[in-house]
Amino acid sequence: MNAISPSIDIADELRTMLNDKKVRFLMASYVDMHGVSKTKMVPTSHLEQMLAGSEMFTGAALDGVPQQVNDNEVAAYPDPASAMVLPWDPSIAWLASDLRLDGAPFDACSRNILKRQTAEAAALGYRFNLGMEAEFYVLKSDGDDEPLSPRRLSKPCYDASSVLDNMGWLSEMVDAMNELGWDVYSFDQEDALGQFEIDFAYSDALTMSDRFVFLRMMANYLARRHGLFASFMPKPYANRTGSGAHFNMSLGDLASSRNLFADPADPRGCGLSALGYQFTAGVVRHLPAICAVVAPTVNSYKRLVKRGSMSGFTWAPIFACYGNNNRTNAVRIPLGGGRIELRSADAACNPYLGAAMVLAAGLEGIREGLDPGEPNRDNMYELGPDALAERGIRQLPRTLEEALDAFEADPLARAVMGDRMADSWLTNKRNEWLSYVAHVSDWETSRYLHFF
Ligand code: GLU
Ligand code: MG
């Protein structure tokens with residue numbers, strides 16, 4: 001919906017809800033390029049002004065809200081449909097906002113970037129459905145970064161006692177998500193000590209992106225109340241699995257909501273429709289550039305490796321390929337079909353920008369009627385260079401720098417982001433890379449200091 005003139009119904013509903021729940025403060029939130037919530041607090045008595053764009057921000061104070069210090073401020077226009085009352089403090093409500101500059105949509109606002117793509121999908125009669133799997137670590141914050149559970153299993157994945165040891169903060173988190181209407185259906189102790197996954201119902205991509213931004217903030221807040229902290233760092237430990245944020249995607253028919261990716265009669269046996277295969281082919285074509293956005297940090301590329309986990313393989317992708325219900329592909333068609341899963345996305349991504357990139361790539365696949373070929377059904381980690389060359393499969397970027405090169409070389413990236421955000425992304429991220437390569441690590445000193 002258009003937040004500049006919210007439909008009377010939704011704005012009315014919001015007013016009633018805020019009154020009923022006695023909400024006292026409102027957060028006019030939007031995100032920086034990292035997908036982190038930034039806000040000003042507004043007393044509820046000023047709701048009307050806030051909805052009309054009263055909250056102004058100097059973008060130059062943040063990463064990737066590309067503005068000069070002398071520019072006019074950007075204004076947040078909160079979307080009433082996105083309102084969430086904080087489950088742990090019902091005196092406060094959080095609203096996701098679109099940014100405007102001098103009265104017009106700010107082209108570099110992450111939420112606007114996604115909305116441009118969902119509008120493209122809507123023009124073709126599609127609704128972009130997205131589910132994001134939340135993987136993250138929760139560790140003690142007393143300085144030793146230890147998991148809460150005293151158990152030190154070599155393979156803690158799915159361990160029942162470990163998840164029970166963590167139910168204090170976990171049950172609060174799951175209750176909070178359900179109170180917000182997110183419908184959690186499963187959560188577990190993941191592959192690594194201290195790592196968890198919470199899965200909840202999919203929604204339209206804009207709603208899911210708002211939720212994922214909120215989820216990271218909420219996980220941190222709730223964990224801190226237990227003397228813990230939540231980390232969404234993609235690969236905190238070289239010898240434990242990384243934290244993905246797999247995108248589960250489908251297109252629905254805008255009018256009927258019918259899932260257009262489902263086809264039980266799929267001749268390839270994966271339950272995916274021809275439209276789903278075309279979308280997949282578009283995504284696979286642009287995977288290297290997409291990586292720069294869904295795996296956006298220096299550290300992200302330490303996750304996209306074959307080995308480095310407590311159970312053997314990492315389950316994270318290394319090749320730009322797709323397959324059936326087979327976790328060694330970057331794009332997977334989970335059992336039962338009707339959706340595709342992008343596995344290269346990690347927990348540090350800006351979900352709006354990631355979703356915009358992948359949707360644009362998928363729509364290109366549909367427009368061009370692309371075919372991704374046969375799904376890879378084997379263990380891709382074990383394929384040698386000859387087999388990969390025979391199938392025409394490329395390696396995913398191995399560093400942030402390689403990903404940024406792919407982003408810069410792919411016209412789709414600039415078309416999705418717009419010039420201002422594409423330039424800002426490249427400048428900020430190249431600086432991040434240069435700062436990393438200039439750093440002398442423990443690995444180097446321990447290897448070379450006494451070497452010669
Ligand atoms: N943690 C793995 C990753 O980094 C994924 C494990 C899974 O398939 O749930 O993507
Ligand atoms: Mg997982």
| request: Return yes when I393 is over 25 Å from G35 (Cβ atoms), buried (at least 18 other Cβ atoms within 10 Å of the Cβ) and touching a residue at least 40 places away in the same chain (Cβ under 8 Å) and no when it is not. | output: yes
| query | In segment 70-97, what count of residues is obtained for those that are among the hydrophobic types (A, V, I, L, M, F, W, C) and surrounded by fewer than 16 Cβ atoms within 10 Å (Cβ to Cβ)? | reply | 1
| (1) in contact with a Cys (Cβ under 6 Å, 6 or more places away or on another chain); (2) in a strand (DSSP E or B): which one isn't true of N329, the others all being true? | (2)
| message | Go through (1) farther than 30 Å from A123 by Cα; (2) outside any strand (DSSP E or B) for R211 and report which single condition fails. | response | (1)
| For segment 26-124, which fully contained strands (runs of 3 or more DSSP E) count at least 2 residues that are within 23 Å of the chain's Cα centre (by Cα) and in contact (Cβ under 8 Å) with a residue 12 or more places away in the chain? | 74-78, 92-101
| Extreme residue, surrounded by the fewest Cβ atoms within 10 Å (Cβ to Cβ), among residues of segment 303-317 that are touching a residue at least 40 places away in the same chain (Cβ under 8 Å), under 25 Å from K429 (Cβ atoms) and within 11 Å of ligand 1 (Cβ to nearest atom) | G308
| field | From the options S186, S171, residue that is surrounded by fewer than 17 Cβ atoms within 10 Å (Cβ to Cβ), outside any helix (DSSP H, G or I) and under 25 Å from the mean Cα position of the chain (by Cα) | value | S186
| request: Could you tell me whether any residue of segment 319-332 is open to solvent by less than 30 Å² (accessible area, probe 1.4 Å), touching a residue at least 60 places away in the same chain (Cβ under 8 Å) and among the β-branched types (V, I, T)? | output: no
| request: Can you tell me which residue among M208, M167 is free of Cβ contacts under 8 Å to residues at least 24 places away in the same chain and more than 16 Å from ligand 1 (Cβ to nearest atom)? | output: M167
| note | Just one listed residue, out of Y30, Y77, is in contact with a Gly (Cβ under 6 Å, 6 or more places away or on another chain) and modelled with pLDDT of 95 or more, and it is Y77
| said: Quick check on segment 36-65: of everything there that is among the hydrophobic types (A, V, I, L, M, F, W, C) and open to solvent by less than 50 Å² (accessible area, probe 1.4 Å), which residue is farthest from L426 (Cα to Cα)? | reply: L47
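The values are calculated or read from the model by the stated rules, or taken from the named source; none is laboratory data. Bear in mind the structure is a predicted one, so any value in this text is a computation, not a measurement. FYI the Cβ positions are ideal-geometry reconstructions off the backbone, even for glycines, and counts take in every protein chain you see. The accessibility values were calculated without ligands, DNA or RNA, using every heavy atom of the protein model including side chains. Shrake-Rupley method; radii C 1.70, N 1.55, O 1.52, S 1.80 Å.
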